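Contents: one structure, followed by commentary.
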Amino acid sequence: MPEIGRAVSDAGYHTPSPIQEQAIPPLLKGRDMIGCAQTGTGKTAAFTLPILQYLAIKNKPPVSKRPEVLIIAPTRELAAQIGDSVAKFV
């Protein structure tokens, strides 16, 4: 997690937004959730940081070459934006 924390800080996040405060704790516990917030409030970080935390804790090489995480986006443009956002943290 120290690497993720450093990447979050380097990306300019110093205090969590309301959506992040509400989403991250239950997601870290493995719960499902649906969130809604305005554009630019950090929704992508709210759901990707728990995913990255899970993968970091798991810390095992994949058994197969199958995906371990699948993020579905309604448009190609949004998928690209999500990919760019995730790249900031890895």
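Ignoring trypsin sites (Lys or Arg not before Pro) that are buried or in helix or strand per DSSP, and keeping those with at most 16 other beta carbon atoms within 10 Å, what is the longest stretch of the chain between them?
Numbers: sites that count: Lys29, Arg31, Lys65.
Longest gap between qualifying sites, sites excluded: 32-64.
Checking the a/c ratio against 1.5 first, then a/b against b/c, what shape does the Cα gyration tensor give for the chain?
Here the chain falls in the rounded category.
What distance in nm separates the simple spin-label points at Thr75 and Arg6, each placed 7 Å from Cα in the Cβ direction?
About 3.6 nm separates the two model spin labels.
Would you work out the charge dipole size for the chain about its Cα centre, treating the Cβ of every Lys and Arg as +1 and the Cβ of every Asp and Glu as -1, and quote it to the nearest 20 debye?
That gives the chain a dipole magnitude of about 320 debye.
Quick check: residue separation of Asn59 and His14 times 0.36 nm, minus the Cα distance between them. What number comes out in nm?
Length gained, Asn59 through His14: 13.6 nm.
Any read-out appearing in this document is the output of simple, stated calculations on the displayed coordinates, not a laboratory observation. Just so we're clear, the structure is a prediction, and the values are computed from it rather than from any experiment. Cβ sites come from the backbone with ideal geometry, for glycine too, and all protein chains shown count toward neighbours.
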